[in-house]
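Asks: One structure coming up, written as structure tokens, with questions to follow.
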């Protein structure tokens, strides 16, 4: 799968991402860095530990990465969790948001890893 097909498959806008990051190589570089960060595990661990501030900061950082990389569906899901955590407390319904986010996160990770295979 090439980059244009990748963005088509996730409902993203390849041209927009290319105009933001300038080069296809740069897009690939940051997508692959994104797969190696495993930010979802950090969010899960922070929530398990009751650390709402760390979970919020990690989600906020992920939100920025998703925005810059054009991972639009994932951006919507991480934005919802970020807003739930904004008061720096863990809401009782966070697991509902987390499950939806998990599915989208790993779907995107798997697709990124399949680039050019």
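Asks: Given the criteria modelled with pLDDT of 95 or more and either crowded, with 19+ Cβ neighbours inside 10 Å or in contact with a strand residue (DSSP E or B) (Cβ under 8 Å, 6 or more places away or on another chain) (or both), does residue 54 qualify?
Replies: Here the answer is no, as residue 54 does not meet what is asked.
Asks: How about the stretch 88-111: which of its residues are touching a residue at least 12 places away in the same chain (Cβ under 8 Å) and part of a loop (DSSP other than H, G, I, E, B)?
Replies: Scanning the stretch 88-111 gives 88, 89, 90.
Asks: Also, quick follow-up: Would you check which residues across the stretch 11-27 are under 19 Å from residue 72 (Cα atoms) and surrounded by fewer than 17 Cβ atoms within 10 Å (Cβ to Cβ) and list them?
Replies: Within the stretch 11-27, 11, 13, 15, 16, 19, 20, 22, 24, 26 meet the criteria.
Asks: If you don't mind, there's one more thing I want to ask. Out of curiosity, is residue 109 under 12 Å from the mean Cα position of the chain (by Cα) and either closer than 28 Å to residue 4 by Cβ or crowded, with 16+ Cβ neighbours inside 10 Å (or both)?
Replies: So residue 109 fits the description; yes.
Asks: Let me ask something else. Across the stretch 10-19, which residue is farthest from the chain's Cα centre (by Cα) among those that are closer than 13 Å to residue 31 by Cβ and assigned to a helix (DSSP H, G or I)?
Replies: 18
Asks: Going by the structure shown, is residue 47 assigned to a helix (DSSP H, G or I) and surrounded by 15 or more Cβ atoms within 10 Å (Cβ to Cβ)?
Replies: yes
Asks: How many residues does the stretch 31-44 hold that are within 17 Å of residue 72 (Cα to Cα) and either part of a loop (DSSP other than H, G, I, E, B) or modelled with pLDDT of 95 or more (or both)?
Replies: Matching residues across the stretch 31-44 total 1.
Asks: Within the bounds of the stretch 59-66, is there any residue that is in a loop (DSSP other than H, G, I, E, B), surrounded by 21 or more Cβ atoms within 10 Å (Cβ to Cβ) and within 16 Å of the chain's Cα centre (by Cα)?
Replies: No: zero hits.
The values are calculated or read from the model by the stated rules, or taken from the named source; none is laboratory data. Since the model is a prediction, treat every value here as computed from it, not as a measurement. Because the Cβ atoms are built from the backbone with ideal geometry, glycine has one as well, and the counts that use them run over all protein chains shown.
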